[in-house]
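Report on the following structure.
The values are calculated or read from the model by the stated rules, or taken from the named source; none is laboratory data. Quick caveat, the model's predicted, so the values are computed rather than measured. Counting neighbours? That spans all protein chains shown, and the Cβs are built from the backbone with ideal geometry, glycine included. What goes into the accessible areas is simple: the full protein's heavy atoms, side chains included, and nothing from ligands, DNA or RNA. Shrake-Rupley method; radii C 1.70, N 1.55, O 1.52, S 1.80 Å.
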Amino acid sequence: MNKASHVSRVGRSPSRLNQRRFRAERRFRRLGLLGVVLALASVVFLLGTIFSSGYSAFWRLQFAVDIQFDPALMKITERPTAEELQEVHYLALFRKNLERAYPEVKKRSERRKLAQMFSESAPDVLRELVLADPTLVGETRRVWVLASSSADMIAKGNAPRDIEEKRRVLTDQQLAWLDQWEEEGLARNRFNTRFFTSGPSRSPELAGLAGAIVGSALTLLVTLIISFPVGVAAAVYLEEYAPKNRISEIIEVNINNLAAVPSIIFGLLGLAVLLNFFGLPRGTPLVGGIVLSLMTLPTIIIASRAALKAVPPSIRDGALAMGASPMQTVFHHVLPLAMPGMLTGTIIGLAQALGETAPLLMIGMFAFVADIPSGVVDQASALPVQIYLWAESSERGYVELTAAGIMVILIFLVLMNLLAVFLRKKFERRW
Amino acid sequence: MIDSTPRAPGSKGVLADTLEQDAPLGSVQTVGEALLENPSVSCRDVAVHYGDKQALFDINLDMGTNEVLALIGPSGCGKTTFLRCINRMNDTIQGCRVSGTIKIDDEEINHADADVVSLRSRVGMVFQKPNPFPKSIYDNIAYGPRIHALTASNEELDQIVEDSLKRAGLWKEVADRLQAPGTGLSGGQQQRLCIARAIAVNPDVILMDEPCSALDPIATARIEELIDELRENFTIAIVTHSMQQAARVSQRTAYFHMGSLVEVGSTDQIFTNPRQRLTEDYITGRFG
Ligand SMILES: Nc1ncnc2c1ncn2[C@@H]1O[C@H](COP(=O)(O)OP(=O)(O)OP(=O)(O)O)[C@@H](O)[C@H]1O
Ligand SMILES: [Mg+2]
């Protein structure tokens, strides 16, 4: 041994050899650094694109209109009952007030164009105001109503304005109104609370994610309730009880394969088995959750088994030698030590499930449900599905909503991963 | 009982001399007083297979009450395997088969219907590497009494914990931090904690597998003292690679070689006047 190393040194001088080694070392380090930089750059690019096109969705343009709550216009008495107030034709009230405020707009088509500057929700705003405070009747108030999606886009620069009228989303006259109102202080930007409080809508300026968020939360809840206990139990059985033989090997290989099965297959399975065979309600978080648990199970089982494997065998031996039964050994000693790893795996599995779209589309979770679902058997949508539907939409106003939706889902993913890290740190134990 | 014709030509005693040292000895007639009048543990024709590989060959060996039996022999000769037969820990190893009869206080334990849980509450084990549970010192000791429902009240449990720690010589060092994690103790303290844990359920037999292999001479001396004290109440078997330790703590010594029990005798006799060549080679350091 000594001799051999002595011989090999004769050929090259040690300094040359060292230089070569240092060079190789440097090259290798640079290569690694390059990889990291590339990865980071693509992440920054991705996030940058999404952020720059999505952040504007969190603000909405509003216009002010002076509304005269004239009982004559509203076709009611001076002292109306609540029912009467419900029945009022608020769209007409809004239109009449517009005509009053802009008497110079005479032609029908021009009047329509003027009305189109405002969101369809304007009459609802008036109704809410009056119902909340009936003393308004007879008064005149400055009311802020949402701008239409087109006006909103032009104001934010999301749609081009310096192009010919035909291709622009606003006509020349509408553009003039917009500029005039901005100058006169009749336009303002406000935080888009609707985005977080309302469901989908055919008008981009009214659409929100609340229904999808609740739908996703309910779906994930079902997924968690099913996949965590089943996954942990399967992992404990495979790791602690099952004999290591051919059959358990085959099971292991198949679980790993299951983790790689395209998610749409699980959707097809859910469609064929859960909906068509068992007749579960279509497009509900219950079915979505079951399908996603099938998908999440392998992830949880694999992570849980890894966590169980990491528990030193000497602990099990110690417990068994004290006369603990195998089950006591698992519950008193092994599971507490493996739990952080299992929770981390579960959260990562759920995070994957949160982003899953295809299987949910297969089982019909794309319905246009304006109501926010209140239970697991209500028709619902889910975050990624909603984003997909917005992305599909031909209307330009949904572009920023799509990006904003992606931002929301990314924030949830980051939060879930942080939770995983937190749990791991908190419960990590050395032995 | 003592075989009075050691190394007579043609007898089994010289058989070993003629064997190659690397090959398993196979079934060998044990020399010495392997069997006792009133054994606490008695093993007859115990053989162990790991899959196709046989690790122990027809071991006949008794352990007496209130005595310390030292198991010595070169690495891989089957000392641990033998020890783990007595509390059925070999059950946990897949592919391991133990045949033969093992009786503890005349009760057969090596058959499928034996109650392994209650057996292990009667046969404590201390492992080579200290393996306290990652729980508090208190919970480490209290675990056995709790799962076997040995105490009626918390005061009783406190008492057991204190007594066990005192007997293991650890009480003074940890009395003020019983709620600290057991894994935070030093190696020697951890090993004494494991001993305290084992004696907390008041077993009949204690098996120790190289309990001092990771310890410094001072900790080792403490544990040896402890073993000597424990002898009054328990039957103890200890595996050790240290001849001095075997000589210091044990009354009887059994020498294993390649899966066979080659020689058993009083510790004095084994170390001063071994009757088998293999034993002599081993204890004089010419082998292993
Ligand atoms: N789990 C196992 N699977 C297969 N073979 C094993 C297993 N444990 C031990 N053996 C084999 O059984 C034989 C005896 O091993 P054992 O651990 O009892 O030796 P030992 O005398 O305790 O050695 P040491 O002094 O090194 O601890 C060895 O040949 C070993 O390879
Ligand atoms: Mg050993």
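Helical content of the protein assembly as shown, expressed as a calculated mean residue ellipticity at 222 nm, amounts to -16000 deg cm²/dmol (DSSP H runs of 4 or more residues, -39,500 (n - 2.57) each, divided by residue number, nearest 500).
Chain B contacts chain A over a buried accessible area of about 1700 Å², both sides summed; the probe is 1.4 Å and only protein chains count. Based on Cα atoms of the stretch B:241-286, Rg over Rh with Rh as the Kirkwood radius reads 0.91. Think of each Lys and Arg Cβ as +1 and each Asp and Glu Cβ as -1; about the Cα centre, that makes the dipole of the stretch A:59-199 roughly 400 debye. For the stretch B:215-243 versus the stretch A:140-198, the spacing of their alpha-carbon centroids is 88 Å. Counting 0.36 nm for each residue step from A:Arg16 to A:Arg29 and taking away their Cα separation leaves a gain of 2.7 nm. Scattering from the protein assembly as shown was approximated by placing one identical point on each alpha carbon and applying the Debye formula without solvent; log10 I(q)/I(0) at 0.09, 0.12 1/Å stands at -0.95, -1.24. Here the stretch A:59-199 is treated as an ellipsoid with the same Cα gyration tensor; its semi-axes, largest first and in whole Å, are 29, 18, 12.
The distance linking the stretch A:292-314 with the stretch A:18-49 is 33 Å (Cα centroid to Cα centroid, whole angstrom). The distance separating the Cα centre of the stretch A:382-431 from that of the stretch A:210-288 comes to 21 Å. Taking amide hydrogens as placed 1.01 Å from N in the peptide plane, the amide H of B:Phe256 sits under 5 Å from those of B:Ile72, B:Gly73, B:Val262, each at least 5 positions away in sequence or on another chain.
For the pairs A:Lys244/B:Lys53; A:Lys244/B:Lys129; A:Lys426/B:Lys166; B:Lys53/B:Lys103, flag any whose C-alpha to C-alpha distance is greater than 23 Å. Exceeds cut-off: A:Lys244/B:Lys129; A:Lys426/B:Lys166; B:Lys53/B:Lys103.
As a fraction of the 1.4 Å probe accessible area of the stretch B:150-254, surface on carbon and sulfur atoms comes out at 46 percent. Per-atom-type breakdown for the stretch A:121-269 gives carbon and sulfur 57% of the accessible area (1.4 Å probe, protein chains only). Largest mean-square fluctuation among A:Leu383, A:Leu320, A:Leu297, in a Gaussian network model of chain A whose springs join Cα atoms under 10 Å apart, belongs to A:Leu320.
Give the peptides A:372-379, B:234-241, B:64-71 in descending order of average Cβ contacts within 10 Å, highest first.
Order by mean packing, descending: B:234-241, B:64-71, A:372-379.
Taking every residue in B:117-128 and counting other chain Cβ atoms within 10 Å of its Cβ, the average works out to 3. Charge dipole (Cα centre; +1 on Lys/Arg Cβ, -1 on Asp/Glu Cβ; no other charges) of the protein assembly as shown amounts to roughly 3380 debye.
The mean number of Cβ atoms from other chains found within 10 Å of a Cβ in peptide A:307-316 is 2, as a whole number.
Counting Cβ atoms of other protein chains within 10 Å of each residue's Cβ and taking the mean over peptide A:322-334 gives 5.
Assigning unit charges at the beta carbon (Lys, Arg +1; Asp, Glu -1) and nothing else, what dipole magnitude in debye, to the nearest 20, does chain B show about its Cα centre? Please report the intermediate quantities before stating the final value.
On the way: 27 positive and 39 negative charges, 132 e Å.
Dipole about the Cα centre, nearest 20: 640 debye.
Between helix B:217-230 and chain B there is an angle of about 90 degrees, using the helix long axis and the longest principal axis of the Cα atoms. Which one of A:Ala115, A:Gly157, A:Pro134 is farthest out on the positive end of the charge dipole of the stretch A:59-199, using unit charges on Cβ (Lys, Arg +1; Asp, Glu -1) and the Cα centre as origin? Positive-end residue among those listed: A:Gly157. Comparing A:Gly323, A:Gly231, A:Gly35 in a Gaussian network model of chain A where C-alpha atoms under 10 Å apart are linked, the largest mean-square fluctuation is found at A:Gly35. Residue-wise HN-Hα couplings along the stretch B:102-118, as the Karplus relation 6.51 cos²θ - 1.76 cosθ + 1.60 with θ = phi - 60° gives them from phi, are 10, 10, 10, 6, 6, 10, 5, 10, 9, 9, 4, 8, 4, 7, 5, 4, 6 Hz; Gly and Pro carry x. The Rg/Rh ratio for the stretch B:138-240 is 0.95, where Rg is the radius of gyration of the alpha carbons and Rh is the Kirkwood radius.
Over the stretch A:15-71, the ratio between the Cα radius of gyration and 2.2 N^0.38 Å evaluates to 2.75.
Shape class of the stretch A:378-426 from the alpha-carbon gyration tensor: oblate, with a/c at 1.5 or above and b/c at least as large as a/b. Helix A:14-54 and the longest principal axis of the Cα set of chain A meet at an angle near 30°. 3J(HN,Hα) along the stretch A:361-372, derived from phi through the Karplus expression 6.51 cos²θ - 1.76 cosθ + 1.60 where θ = phi - 60°, amounts to 5, 4, 9, x, 8, 10, 4, 7, 9, 6, 7, 7 Hz, with x in place of Gly and Pro.
Between A:Ala132, A:Ala155, A:Ala272, the Gaussian network model of chain A with springs among Cα atoms under 10 angstrom shows the greatest mean-square fluctuation at A:Ala132.
Taking label points 7 Å from Cα along the Cα-to-Cβ direction, A:Glu110 and B:Glu225 give a separation of 11.0 nm.
If the viscosity is 0.692 mPa s and the temperature 37 °C, what translational diffusion coefficient in µm²/s does Stokes-Einstein give for chain B when Rh comes from Kirkwood over Cα pairs? The partial results should precede the final answer.
Values: Rh = 19.6 Å.
Value of D from the Cα-based Kirkwood radius: 167 µm²/s.
The angle between the Cα long axis of helix A:210-236 and the main principal axis of chain A comes to about 20°, on a 0 to 90 degree scale.
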